[in-house]
1. Based on the mean of other beta carbon atoms within 10 Å per residue, what is the order of 73-81, 38-46, most packed first?
2. Once every DSSP H run of n ≥ 4 in the chain is given -39500 (n - 2.57) and the sum is divided by its residues, what mean residue ellipticity at 222 nm do you get, rounded to the nearest 500 deg cm²/dmol?
3. What ratio of Cα Rg to 2.2 N^0.38 Å holds for the range 5-58?
4. Would you mind computing, in nm to one decimal, how far apart the modelled labels at GLU92 and LYS15 are, each placed 7 Å from Cα along Cα→Cβ?
5. Check THR55: other-chain or 5+ apart residues with amide H under 5 Å from its amide H, H built from backbone geometry?
6. Most mobile of GLY22, GLY51, GLY82 per a Gaussian network model of the chain (Cα springs, under 10 Å)?
7. Could you list which residues have their amide H under 5 Å from that of HIS23, counting only those 5 or more apart in sequence or on another chain, with H placed in the peptide plane?
8. Convex hull over the alpha-carbon atoms of the chain: what's its volume per residue in Å³?
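The values are calculated or read from the model by the stated rules, or taken from the named source; none is laboratory data. All figures in this text were calculated on a predicted structure; none of them were measured in a lab. Reconstructed Cβ throughout: ideal geometry from the backbone, glycine too, with neighbour counts over all protein chains shown. Accessible surface areas use protein heavy atoms only, side chains included; no ligands, DNA or RNA. Shrake-Rupley method; radii C 1.70, N 1.55, O 1.52, S 1.80 Å.
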Amino acid sequence: MAEEGEKKKQSEWVKIVSKRDGHTFIVPREVAMVSGFLRNTFDPDHGFMEGAENTCTVDERAIIVEKVMEYLSHKHLYGKAGSRDEIPDFEERIPPDIALEL
């Protein structure tokens with residue numbers, strides 16, 4: 001039997017939904033947690049509906065949400081790299097037509 005203080009097991013995946021075009025991005029929770037906003041949103045202790053449903057709806061175009069998720073994945077992957085490690089430049093992945101929106 002589970003102890004009273006034990007938290008409900010959280011899903012390893014979360015959904016980020018673009019409100020503007022309805023696209024859904026399913027990303028690993030640990031990647032989403034790189035963002036302070038998403039970390040607070042999905043934290044069940046904060047009492048947000050998103051924390052219980054593992055789904056966050058954002059008011060951005062899907063191309064923007066996709067690029068933000070790609071950046072969070074990049075930051076998660078290379079965030080603990082040492083100073084001597086070669087880290088690919090993320091700016092090269094940003095198309096000029098969406099640079100201002102990002």
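1. The peptides rank, most packed first, as 38-46, 73-81.
2. Calculated at 222 nm, the ellipticity per residue is -9000 deg cm²/dmol.
3. This ratio for the range 5-58 stands at 1.10.
4. 3.5
5. Result for THR55 returns LYS15.
6. Checking each option, the largest mean-square fluctuation is seen for GLY82.
7. Amide H neighbours of HIS23, under 5 Å, 5+ apart: SER18.
8. 130
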